[in-house]
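See structure below.
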Protein chains: 2
Amino acid sequence: MTGSMAAQPLSLERLRTACSTCGLKELCLPVGLSGQEMDRLDDLIHVRRTAKKGQSIYRAGEPFDALYAVRSGFFKSSILSEDGRDQVTGFYMGGELLGMDGIGTEQHTCDAVALEDSEVCVIPFGRLEDLSRQVPALQSHFHKVMSREIVRDHGVMMLLGSMRAEERLAAFLVNLSQRFVARGYSPSEFYLRMTREEIGSYLGLKLETVSRVFSKFQDEGLISVQQKHVRIIDIPRLKHLVGHRPC
Amino acid sequence: MTGSMAAQPLSLERLRTACSTCGLKELCLPVGLSGQEMDRLDDLIHVRRTAKKGQSIYRAGEPFDALYAVRSGFFKSSILSEDGRDQVTGFYMGGELLGMDGIGTEQHTCDAVALEDSEVCVIPFGRLEDLSRQVPALQSHFHKVMSREIVRDHGVMMLLGSMRAEERLAAFLVNLSQRFVARGYSPSEFYLRMTREEIGSYLGLKLETVSRVFSKFQDEGLISVQQKHVRIIDIPRLKHLVGHRPC
DNA sequence: GCGCAAACTTGACCTGGATCAAACGCCGAC
DNA sequence: GTCGGCGTTTGATCCAGGTCAAGTTTGCGC
């Protein structure tokens, strides 16, 4: 039992970080948990961290001890090769989990950088493993989240390995659109949080090519772009571009 | 207690599939388990399956209910896009785990095809989850294996996204070499189980390019290739090629 | 052991995207 | 408001790797 002096600030903090009151609980770790199980998950997620635009949550080489759920904002993860090239390996938005790359070696293997002012929930990994031994629904869901990360990466490999520039960008836009919808935003109108260079790095293209393809899509009436503001005009046609080489 | 009639064949089968007597236990799921814990893992791995060259262990779309540990042989995993292109997403050898892509959706998302006559241990996933709730060392190791699969995929993304053809093939050979060493084979001399086309698909290159780069490496005295037989002559120089653009 | 198909090598040519270069527009600092 | 710098767009040129085409080697089925 905590003393009365501690009780007040603690409960406020708890309410502020509680999964049970979080708008993203349908997308995040608590998926499929009962109210009581969610309370137990709340017990380990006390801490939130904020990162201003450009700051990182963790960097490659740092010891791993927690996963991070994006509460608000937008992140990229990237690896820096020894000769200075860096490769963006993913973009992360609300409800998505960062840091699973660090479990295997107990060291983070990439950087997680905020692309706008952001907030994450800190999930101590040892305690998550403890709890998931006691709560099968949590264990099962956590395994699914990891597995989906693998499948997502396979999708990127397919994109990088066998698609042309236009297909890559179309696939990227369709993917973003779907993730925005799942979060209650417009599927057809959004702001890109990343630069052309970051998109290019993720898609294996140079920034000039990204820019050119954006312009081409605009000329063809598929989308309208103005800097970071994108409106998708013809989603079906954009989807059709993915996985269909031009004849 | 099992009757005496059943005891004999059962124990033979058990011995045949037992993790505790498997030469790959240092590389596979049992890593870090005590003898007693390994026995419990043995309890769930009764079944082995064989696949002749060209046959698959599972295919995309099939329901997922088990992971497969490669006992002997060699596999590729690949996804087929709707327009018929297929992308090799990985190669798997002894002690490596196949099928983690299926956990997230409870359906396999790629094909696992044997590249030579092979044998796998079938690990029923539900029972693995049950046991890993009881055996923290198993839980922890399984999480690490999944995490490493993610890190491996990030490596491939880096390769596909920002390396030139020569770097890609060098990285591929170095990686194979390291995995062969870990299994007690020669680091410098091995048979490729996959075709030039499969290597190309994995590396985002056409088979002609793979062939040309092999020839170039040979001309430069880095390796000697004759069809599927590869001997690496200068590992340090090959390693140096990876992550260093030509000046 | 023969024949055939699949896998591989090599050459000639072509092209998508990279590279280099220049100008433009947006946004934050003062 | 305006100045400066970063991010972006657009054009001109180049080249790594793709494409197409032949020829060669290998290994498997009969």
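Annotations
- Restricting the range A:214-224 to residues that are within 20 Å of A:Phe190 (Cβ to Cβ) and near DNA strand D (Cβ under 9 Å from one of its atoms), the residue that is farthest from the other protein chains (Cβ to nearest Cβ): A:Gln218
- Scanning the range B:185-211 for residues that are within 11 Å of DNA strand D (Cβ to nearest atom) and over 21 Å from A:Leu160 (Cα atoms) yields a count of 1.
- The listed residue being away from DNA strand D (no atom under 12 Å from the Cβ) and in contact (Cβ under 8 Å) with a residue 12 or more places away in the chain, out of B:Leu176, B:Leu169, B:Leu159: B:Leu176
- Residue among A:Arg59, A:Arg71 that alone is in the same structural domain as A:Leu115 (by TED's automatic domain parsing) and touching a Lys or Arg at 6+ places or on another chain (Cβ under 8 Å): A:Arg71
- Residues of the range B:187-218 that turn out to be out of contact with any strand residue (DSSP E or B) (no Cβ under 7 Å at 6 or more places or on another chain) and modelled with pLDDT of 95 or more, as a count: 18
- Restricting the range B:181-198 to residues that are in contact (Cβ under 8 Å) with a residue 40 or more places away in the chain and of a type outside the set (D, E, K, R), the residue that is farthest from DNA strand C (Cβ to nearest atom): B:Ala182
- Matching residues in the range B:132-147 - criterion: being more than 7 Å from chain A (Cβ to nearest Cβ) and open to solvent by less than 10 Å² (accessible area, probe 1.4 Å): B:Ser132, B:Val135, B:Leu138, B:Phe142
- Single condition A:Val230 does not satisfy, out of (1) more than 9 Å from DNA strand D (Cβ to nearest atom); (2) open to solvent by less than 50 Å² (accessible area, probe 1.4 Å); (3) in contact (Cβ under 8 Å) with a residue 60 or more places away in the chain: (3)
- Among the strands (runs of 3 or more DSSP E) confined to the range A:43-103, the ones with at least 2 residues that are more than 14 Å from every other protein chain (Cβ to nearest Cβ) are located at A:48-51, A:56-58, A:66-72, A:74-80.
- Test: residue in the range A:145-153 that is within 30 Å of B:Ala165 (Cβ to Cβ) and touching a strand residue (DSSP E or B) at 6+ places or on another chain (Cβ under 7 Å): no
- Residue match in the range A:206-217 (condition: free of Cβ contacts under 8 Å to residues at least 12 places away in the same chain, near DNA strand C (Cβ under 10 Å from one of its atoms), touching a Lys or Arg at 6+ places or on another chain (Cβ under 7 Å) and outside the structural domain of A:Ser72 (by TED's automatic domain parsing)): no
- Candidates A:Leu160, A:Leu203, A:Leu241, A:Leu176 - the one that is more than 14 Å from chain B (Cβ to nearest Cβ) and crowded, with 17+ Cβ neighbours inside 10 Å: A:Leu176
- Qualifying residue in the range B:106-124 (condition: assigned to a helix (DSSP H, G or I) and either facing another protein chain (nearest Cβ under 10 Å) or within 15 Å of the chain's Cα centre (by Cα) (or both)): no
The values are calculated or read from the model by the stated rules, or taken from the named source; none is laboratory data. Bear in mind that the values here come from a model prediction, so they are computed numbers and not experimental data. Positions of Cβ are backbone-derived with ideal geometry, glycine not excepted, and every protein chain shown enters the neighbour counts. Accessible surface areas use protein heavy atoms only, side chains included; no ligands, DNA or RNA. Shrake-Rupley method; radii C 1.70, N 1.55, O 1.52, S 1.80 Å.
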